[in-house]
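Following this message is one structure expressed as structure tokens.
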Amino acid sequence: MKSKFNEYYKLSEKEIKDHWENDIFCFDANVLLNLYRYSPSTREAFFSLLEKVEDRIWITYQAAFEYQKNRLIVINAQREAYKDIRDTLSKKKGEIEAKLNSFKKHPYLQITELKRQLESAFDSIGRDLDKLESKHPDYLDKDPVWEKLSILLEGKVGDDFPKEELEKLYKEGKKRYDEKVPPGYMDMKEKQNEGNRSLYGDIIVWKQVIEKAKTVGKSIILITDDLKEDWWYKFKGKTISPRPELIKEFKEETSKRINIYQADKFLEMANKNLAQQTKQEAIQEIRNVRLADERDIEKEIKELEMFLEDNGVEDFRKYARDLIKPKKSDFETAIEESINKNKLDNNE
């Protein structure tokens with residue numbers, strides 16, 4: 001059983017240790033971009049680990065391209081956060097004041113005093129926000145993260161696919177997305193108007209990782225902060241493992257193993273397998289960033305449900321989930337068919 005479906009089984013502690021001592025470490029663009037979202041101390045802890053394994057780091061051309069393309073967008077989003085918070089505070093302050101004004105004739109509520117306290121509280125928050133913004137580094141002018149990554153990754157970025165190969169890959173990607181074959185098919189809704197290079201970015205990364213493993217004859221440890229179900233096998237909201245289809249495809253193409261981790265898990269595993277000493281506070285901060293992203297995905301699902309409901313789609317909640325639900329593997333389908341057949345046989 002295990003020899004036929006080893007993509008569903010966890011590796012032993014010894015196997016994991018061997019991989020961590022010998023494999024190539026490959027980082028997706030989202031991991032590099034998330035460095036801008038960490039506190040300075042956590043970012044330095046991450047860089048400390050990167051420097052420890054720098055002789056075994058390699059990233060795909062596509063990941064490097066996506067990092068360069070999106071770097072300024074992420075930096076600007078961090079700056080814009082202060083304005084967004086001010087706008088939110090102003091809106092909420094207005095809403096509370098309007099609500100208080102509706103109770104002007106209340107015999108016991110001291111509306112004027114409550115409004116004074118409200119004004120004082122929001123002013124205090126505003127001053128704190130101003131202080132934080134004044135300390136925020138201007139990475140648009142000088143970006144130490146970019147500079148450090150540029151040195152660290154020099155000579156460690158793969159080549160791009162030729163134009164003709166990319167065109168073939170776009171056609172393959174469309175077929176894979178239509179059949180919900182991972183990875184990347186969940187980008188269809190978000191990136192369908194951004195051009196093929198962006199739409200099929202995950203496929204390009206995936207194929208370039210496979211080509212690297214073929215070329216050097218080594219297994220890969222891939223670190224990605226992509227959270228969607230076209231990368232991860234989830235059951236009832238819990239992430240079980242990377243998608244087994246990915247592990248199987250990688251082995252069939254390269255005869256090697258791929259291990260896939262999110263950034264927080266990568267640091268945890270490094271503590272265990274590389275004698276790294278990243279503090280738990282840093283790991284937790286990185287995990288919190290990931291969890292915030294997962295909540296954003298749930299928000300996107302809710303928005304899709306509302307859209308489907310507004311357009312008269314029956315059973316809109318189920319349909320919204322079906323749009324993002326991963327395609328069942330042949331193994332899962334066979335198991336379900338076997339269970340259903342046994343139920344029928346028992347009922348006869």
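Mind checking the dipole of the range 142-287: about its Cα centre, +1 per Lys or Arg Cβ, -1 per Asp or Glu Cβ, Debye to the nearest 20?
520 debye
Hey, could you pull the Cα Rg and Dmax for the range 86-230, both in Å?
26.6, 81
Sort His19, His106 from largest to smallest accessible area, using a 1.4 Å probe on the heavy atoms of the protein chains.
His106, His19
Size of the dipole of the range 12-101 about the Cα centre, Lys and Arg at +1 and Asp and Glu at -1 on the beta carbon, nothing else charged, in debye to 20?
Details: 15 positive and 16 negative charges, 159 e Å.
For this selection, approximately 760 debye.
If one puts a single equal scatterer on every Cα of the range 147-296 and applies the Debye formula without solvent, what log₁₀ I(q)/I(0) results at q = 0.11, 0.14, 0.15, 0.17 Å⁻¹?
Result of the Debye calculation: -0.50, -0.83, -0.96, -1.22.
If you don't mind, there's one more thing I want to ask. Quickly work out the Lys189-to-Lys214 label distance, labels modelled 7 Å from Cα along the C-beta direction, and quote it in nm with one decimal.
Rounded to a tenth, the inter-label distance reads 3.4 nm.
For the range 1-75, just the Cα set please: Rg and Dmax, both in angstrom.
Radius of gyration, then largest Cα-Cα span, for the range 1-75: 16.1, 49 Å.
May I ask you to evaluate 6.51 cos²θ - 1.76 cosθ + 1.60, the Karplus curve with θ = phi - 60°, for each residue of the range 193-204 and list the ³J(HN,Hα) values in order in whole Hz, giving x for glycine and proline?
Residue by residue, the range 193-204 yields 10, 9, x, 4, 4, 7, 4, 9, x, 5, 5, 4 Hz.
Quick one: in the range 86-152, what % of C-alpha pairs are over 13 Å apart?
That tail contains 73 percent of the Cα-Cα pairs.
Would you mind checking which residues have amide H under 5 Å from Tyr233's amide H? H placed 1.01 Å from N; only 5 or more apart, or other chain.
Here the answer is Ile240, Ser241, Arg243, since their amide H atoms fall under 5 Å of that of Tyr233.
Also, quick follow-up: Take the alpha carbon atoms of the range 181-235, find their center, do the same for the range 5-79, and report the distance between the two centers in whole angstrom.
14 Å
Same structure, new question: Once you charge only the Cβ atoms, +1 for Lys and Arg and -1 for Asp and Glu, what is the size of the charge dipole of the range 1-153 about its Cα centre, to the nearest 20 debye?
That gives a dipole near 860 debye.
Can I ask one more? Which listed residue (Ser134, Leu152, Thr112) has the Cα farthest towards the positive end of the charge dipole for the range 105-172, taking +1 on Lys and Arg C-beta and -1 on Asp and Glu C-beta about the Cα centre?
After comparing all options, I get Thr112.
Across the range 132-143, in residue order, what do the Karplus-derived ³J(HN,Hα) couplings come to in whole Hz, using 6.51 cos²θ - 1.76 cosθ + 1.60 with θ = phi - 60° and x for Gly and Pro?
5, 5, 5, 8, 6, x, 8, 6, 5, 8, 9, 10
In what order, largest first, do Trp146, Trp20 sit by accessible area if the probe radius is 1.4 Å? Intermediate results must be reported in sequence, preceding the final value.
Values: Trp146 95, Trp20 0 Å².
Ranked list, largest accessible area first: Trp146, Trp20.
List the residues, sorted by chain then number, that are 5 or more residues from Ile57 or on another chain and whose placed amide H is less than 5 Å from its amide H.
Phe25
While we're looking at this one, here's another question. Determine the share of the range 1-89's accessible area contributed by carbon and sulfur atoms, expressed in whole percent, with a 1.4 angstrom probe.
That share works out to 54 percent.
Within a Cβ distance under 9 Å of Trp231, other residues only, what is the Lys/Arg minus Asp/Glu net charge? Write down the numbers at each step before the final one.
Values: positive: Lys228, Arg243; negative: Asp202, Asp226, Glu229, Asp230.
Net charge around Trp231: -2.
HN-Hα J couplings of the range 236-252 from phi, Karplus 6.51/-1.76/1.60, θ = phi - 60°, integer Hz, Gly and Pro as x?
Each residue of the range 236-252 in turn: 6, x, 9, 7, 8, 5, x, 4, x, 4, 5, 4, 5, 4, 4, 5, 5 Hz.
List the residues, sorted by chain then number, that are 5 or more residues from Val181 or on another chain and whose placed amide H is less than 5 Å from its amide H.
Correct list: empty.
The values are calculated or read from the model by the stated rules, or taken from the named source; none is laboratory data. Keep in mind that this is a model prediction, so the values were computed, not measured. Cβ sites come from the backbone with ideal geometry, for glycine too, and all protein chains shown count toward neighbours. We work out accessible area using only protein heavy atoms, side chains counted, and drop any ligands, DNA or RNA first. Shrake-Rupley method; radii C 1.70, N 1.55, O 1.52, S 1.80 Å.
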